[in-house]
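Coordinate-derived values only; no laboratory data. Everything quoted here is computed from the prediction, not taken from an experiment. Here the Cβ positions follow ideal geometry from the backbone for every residue, glycine too, while neighbour counts run over all protein chains shown.
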Amino acid sequence: MPKIKTHKGTKKVFNVRKSGTITIGHPGSRHNTGDKPASLNRNKRKRSSLSKADRNRLKNII
């Protein structure tokens, strides 16, 4: 049976921690940030973690 290849687009977006949790950036933080409140831009700098259901769904891809 062949090996499962890593999905390269997914690999660039997600980050897997040592504990197994998967982090992803917030949407809406790439451009047009001057029109958004500064507090919103600060909060979007932090990474967010995926839910357990999404983690199980993406386990084979990453």
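Once every DSSP H run of n ≥ 4 in the chain is given -39500 (n - 2.57) and the sum is divided by its residues, what mean residue ellipticity at 222 nm do you get, rounded to the nearest 500 deg cm²/dmol? Present the calculation step by step, with values, prior to reporting the outcome.
Numbers: 3 runs with 20 residues, N = 62.
About -8000 deg cm²/dmol.
Contact order normalised by length for the chain, with contacts defined as Cα pairs under 8 Å and 6 or more residues apart; what percent is it? Walk me through the numbers on the way to the answer.
Working: 52 pairs, mean separation 25.3, N = 62.
Relative contact order for the chain comes out at 41 percent.
Taking the Cα of Ser49, stepping 7 Å toward and past its beta carbon, and measuring to each backbone N in region 7-25: which are under 18 Å?
Label zone hits: 14-25.
Less than 15 Å from a label point 7 Å out along the Cα-to-Cβ axis of Thr10: which backbone N atoms in region 20-35 qualify, by residue?
In region 20-35, the label zone of Thr10 (backbone N under 15 Å from the point 7 Å along Cα→Cβ) covers 21-24.
Test of understanding: express the Cα radius of gyration of the chain as a ratio to 2.2 N^0.38 Å, with N the residue count. Show your work: numbers first, answer last.
Values: Rg = 14.8 Å, N = 62, 2.2 N^0.38 = 10.6 Å.
Ratio of Rg to 2.2 N^0.38 Å for the chain: 1.40.
Suppose every Lys and Arg Cβ carries +1 and every Asp and Glu Cβ carries -1, with no other charges. What dipole size does the chain come out with about its Cα centre, to the nearest 20 debye? Write out the running numbers ahead of the final one.
Working: 18 positive and 2 negative charges, 57 e Å.
Once rounded to the nearest 20, the dipole reads 280 debye.
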